[in-house]
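Asker: First the structure, which I've put down as structure tokens, then a few questions once you've had a look.
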Amino acid sequence: MTQDNQRPSWVVLKFGGSSVSSLDDWNNIVQIVSDNLQQGYQVAVVHSAFKNVTNRLERLAQLAVNNEHQELLGELKDYHQTMASQLKLESSLLTPWLDSLEVSAKKVADSGMLTSKLRAELVAHGELLSSTLGAAFLEQQLSGDKKTQWIDARELFVSEVEVSNNINDQYLNAVCHPRPDHGLSEKWAEQHDVVLTQGFIASNEAGETVLLGREGSDTSASYVAALLEAKKLQIWTDVAGMYTTDPNKLSEAKKLEQVSYAQAFEMAEAGAKVLHPRCLSTVMPYHIPIEIKNTHQPLEAGTLINGEETDSRWVKSIAVKQNVPVMTLLLGRRGQQPETLQKVFTVFNELELGCELLASTKESLVMAVETSNSIHGEGILNELSVKLAEMCRSVLLSHSAIITLVGCKSSQALWHLLQIDAELPDQWLLLSHTSSDQHLSFLVSDDDALDILKLLHKHLIQ
């Protein structure tokens, strides 16, 4: 085995959609890549589809069911050809993927239905199109004899089917388990200065395209970092790090200079959108530090995520998830019987929906419904309610917000909460904490969520 100090030193740079969607963005990316090359790193770039393209492709897939997709397909073609022109690249580079996108849309139109498999195949074109232009631009702009190689992520990462996975998750929320490949690392380092691949996409054992879940490009970057056993992973986005809360929701949010893996994981799980939780669980075993940086302000200090734990008695951050569909199931005396619980989870699985058990009593269950990766429309929640009503005394559906306090033990967070000398809501819909005892979550009315967030941030963040 090659000694560690003789292995190539890789840095993985992940760029999100808001960081790859203009000529200015790509000029910044060229400078960031060049700086890392000058520091002696081999560079692996992972990037997303252009801004809002994934959402437009999702819409295209829905329209194709009724063969009403031609106008949007034309707009997407024009958009990518315009991007090629802005980057001074030949639009013919896009032709294979644009033709493939048209074929995928036709498959949906011909079948008259949108399966998880077809949705994954169609939506993956966003990353394939953008990365084709990205690799060509880097090859054109990097000085000297620097070589850039485009890599198809579907040839790198093959998903693993877990017993609990429904067909929807297998195609739209797939999971891979990459391991360090020193041979590949050395081969790439010998042949290329920069490799560029796609976020969000992988393949299954049958060679079909699968997706890694929404915001899955972070996960892809962590997979590449693990594969290469990189020295560091940098997440380049439109904010300069992780904050005490979402700065788009509260202007008083403060940037965090350093966060532990565990705290960052809790924040991501609780709804902090800067980082995907699966990204952290992939790099933690290899002690690969993560830096979160702002593509538009590359010199600004970001947030460092590593294994350094600091024992704190104060809340470090407050995350909020809004508009969460919550089902309260009143089951009567059958509530804790294994066969009843199995029937409930079977209904979710049959409808290809994810769920999270938030709380339970002898006679009731409170469950959050995960719909972001569902192939179904808004009516699926009504269908779910009807099916669950067949085994429950009653089913209550509401849209709530989950607010989570992260950074200290839940007992300490609760103590701080009780010290607030201000008007809090009369009814906390739920109060819970995890076995890790590192966060405290509660359910509130979605209408009150931002007011509560502002109040808690004022009193709990030091």
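The values are calculated or read from the model by the stated rules, or taken from the named source; none is laboratory data. As the structure is a computational prediction, the values presented were derived from the model and not from experiment. Methodologically, a virtual Cβ is constructed for each residue, glycine included, from the backbone with ideal geometry; neighbour enumeration extends over all protein chains shown.
Asker: Just one of (1) crowded, with 18+ Cβ neighbours inside 10 Å; (2) hydrophobic (A, V, I, L, M, F, W, C); (3) in contact (Cβ under 8 Å) with a residue 60 or more places away in the chain trips up residue 301, so point out which.
Answerer: Residue 301 satisfies all of (1) crowded, with 18+ Cβ neighbours inside 10 Å; (2) hydrophobic (A, V, I, L, M, F, W, C); (3) in contact (Cβ under 8 Å) with a residue 60 or more places away in the chain except (1).
Asker: While we're looking at this one, here's another question. So which of 175, 195, 210, 161 is crowded, with 16+ Cβ neighbours inside 10 Å and assigned to a loop (DSSP other than H, G, I, E, B)?
Answerer: 175
Asker: Another question, if that's okay. Any idea which of 181, 145, 246 is touching a strand residue (DSSP E or B) at 6+ places or on another chain (Cβ under 9 Å) and of a type in the set (D, E, K, R)?
Answerer: Testing whether each residue is touching a strand residue (DSSP E or B) at 6+ places or on another chain (Cβ under 9 Å) and of a type in the set (D, E, K, R) leaves just 246.
Asker: Residues in region 96-107: is at least one within 27 Å of the chain's Cα centre (by Cα) and either at positive phi or outside the structural domain of residue 234 (by TED's automatic domain parsing) (or both)?
Answerer: no
Asker: While we're looking at this one, here's another question. Can you go through 380, 375 and tell me which one is at pLDDT below 80, surrounded by 14 or more Cβ atoms within 10 Å (Cβ to Cβ), β-branched (Val, Ile, Thr) and out of contact with any Pro (no Cβ under 7 Å at 6 or more places or on another chain)? Spell out the reasoning first.
Answerer: Working: 380 fails: at pLDDT below 80.
Being at pLDDT below 80, surrounded by 14 or more Cβ atoms within 10 Å (Cβ to Cβ), β-branched (Val, Ile, Thr) and out of contact with any Pro (no Cβ under 7 Å at 6 or more places or on another chain) holds for just one of 380, 375, which is 375.
Asker: I've got another one for you. Of all residues being out of contact with any Cys (no Cβ under 9 Å at 6 or more places or on another chain) and either assigned to a strand (DSSP E or B) or free of Cβ contacts under 8 Å to residues at least 12 places away in the same chain (or both) in region 320-333, which is nearest to residue 396 (Cα to Cα)? Just the residue, please.
Answerer: Among residues in region 320-333 that are out of contact with any Cys (no Cβ under 9 Å at 6 or more places or on another chain) and either assigned to a strand (DSSP E or B) or free of Cβ contacts under 8 Å to residues at least 12 places away in the same chain (or both), the one nearest to residue 396 (Cα to Cα) is 328.
Asker: Can you tell me which residue in region 329-350 is nearest to residue 449 (Cα to Cα), limited to those that are at pLDDT 80 or above and surrounded by fewer than 19 Cβ atoms within 10 Å (Cβ to Cβ)?
Answerer: Once the filter is applied, the top-ranked residue is 330.
Asker: Scan region 260-289 for residues that are part of a loop (DSSP other than H, G, I, E, B), hydrophobic (A, V, I, L, M, F, W, C) and either modelled with pLDDT under 90 or more than 14 Å from residue 219 (Cβ to Cβ) (or both) and jot them down. Steps first, answer last, please.
Answerer: At the first step, the residues of region 260-289 found to be part of a loop (DSSP other than H, G, I, E, B) are 270-276, 287-289.
If we keep only those that are hydrophobic (A, V, I, L, M, F, W, C) as well, we get 270, 272, 274-275, 288.
Answer for region 260-289, where residues must be part of a loop (DSSP other than H, G, I, E, B), hydrophobic (A, V, I, L, M, F, W, C) and either modelled with pLDDT under 90 or more than 14 Å from residue 219 (Cβ to Cβ) (or both): 270, 272, 274, 275.
Asker: Suppose the filter is within 15 Å of residue 128 (Cα to Cα) and touching a Leu at 6+ places or on another chain (Cβ under 7 Å); does residue 45 pass it?
Answerer: So residue 45 fits the description; yes.
This table checks each residue for (1) among the aliphatic types (A, V, I, L, M); (2) within 30 Å of residue 106 (Cβ to Cβ); (3) exposed (fewer than 13 other Cβ atoms within 10 Å of the Cβ).
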position: 11; (1), (2), (3): yes, no, no
position: 25; (1), (2), (3): no, no, no
position: 29; (1), (2), (3): yes, no, no
position: 38; (1), (2), (3): no, no, yes
position: 41; (1), (2), (3): no, no, no
position: 48; (1), (2), (3): no, yes, no
position: 60; (1), (2), (3): yes, yes, no
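Asker: Scan region 131-143 and give yes if some residue there is under 16 Å from residue 53 (Cβ atoms) and of a type in the set (A, V, I, L, M), otherwise no.
Answerer: Of the residues in region 131-143, the ones under 16 Å from residue 53 (Cβ atoms) are 131-134.
Subset that is of a type in the set (A, V, I, L, M): 133.
Checked region 131-143: at least one residue is under 16 Å from residue 53 (Cβ atoms) and of a type in the set (A, V, I, L, M).
Asker: Still on this model: Regarding residue 143, is this residue of a type in the set (S, T, N, Q) and modelled with pLDDT under 95?
Answerer: Details: of a type in the set (S, T, N, Q): yes; modelled with pLDDT under 95: yes.
For residue 143, the condition - of a type in the set (S, T, N, Q) and modelled with pLDDT under 95 - is met.
Asker: Any residue in region 239-250 that is among the acidic types (Asp, Glu) and in contact with a Ser or Thr (Cβ under 9 Å, 6 or more places away or on another chain)?
Answerer: No; the residues of region 239-250 include none that is among the acidic types (Asp, Glu) and in contact with a Ser or Thr (Cβ under 9 Å, 6 or more places away or on another chain).
Asker: Oh, and also: Is it the case that residue 462 is modelled with pLDDT under 80, surrounded by 13 or more Cβ atoms within 10 Å (Cβ to Cβ) and out of contact with any Leu (no Cβ under 8 Å at 6 or more places or on another chain)?
Answerer: Spelling it out, it is not the case that residue 462 is modelled with pLDDT under 80, surrounded by 13 or more Cβ atoms within 10 Å (Cβ to Cβ) and out of contact with any Leu (no Cβ under 8 Å at 6 or more places or on another chain).
Asker: Please find, among 219, 148, the residue that is among the hydroxyl-bearing types (Ser, Thr, Tyr) and under 26 Å from residue 81 (Cα atoms).
Answerer: Just a single option satisfies the conditions, and that option is 148.
Asker: What's the total number of residues in region 392-433 that are surrounded by 15 or more Cβ atoms within 10 Å (Cβ to Cβ), modelled with pLDDT of 75 or more and assigned to a loop (DSSP other than H, G, I, E, B)?
Answerer: 2
Asker: If residue 222 meets every condition in (1) more than 16 Å from residue 159 (Cα to Cα); (2) not in a loop (DSSP other than H, G, I, E, B) apart from one, which number is that one?
Answerer: Unmet for residue 222, out of (1) more than 16 Å from residue 159 (Cα to Cα); (2) not in a loop (DSSP other than H, G, I, E, B): (1).
Asker: For region 125-142, does any single residue satisfy the condition of being touching a strand residue (DSSP E or B) at 6+ places or on another chain (Cβ under 7 Å), within 30 Å of residue 184 (Cα to Cα), of a type outside the set (Val, Ile, Thr) and surrounded by fewer than 19 Cβ atoms within 10 Å (Cβ to Cβ)? Steps first, please.
Answerer: Looking only at region 125-142, we keep the residues that are touching a strand residue (DSSP E or B) at 6+ places or on another chain (Cβ under 7 Å), and these are 127-128, 130-132, 134-135, 138-139, 142.
Checking the rest, the ones that are also within 30 Å of residue 184 (Cα to Cα) come to 127-128, 130-132, 134-135, 138-139, 142.
When the remaining residues are screened for being of a type outside the set (Val, Ile, Thr), the result is 127-128, 130-131, 134-135, 138-139, 142.
When the remaining residues are screened for being surrounded by fewer than 19 Cβ atoms within 10 Å (Cβ to Cβ), the result is 139, 142.
The answer is yes; a qualifying residue exists.
Asker: Follow-up. Could you count how many residues in region 53-86 are of a type in the set (Asp, Glu) and either outside the structural domain of residue 130 (by TED's automatic domain parsing) or not in a helix (DSSP H, G or I) (or both)?
Answerer: So the answer is 1.
Asker: Pairs under 8 Å by beta carbon, first residue assigned by TED's automatic domain parsing to the domain that holds residue 192 in region 30-51, partner among the β-branched types (Val, Ile, Thr) and assigned to a helix (DSSP H, G or I), six or more apart or different chains?
Answerer: The qualifying pairs are 43/33; 44/224; 45/29; 45/33; 46/224; 48/54.
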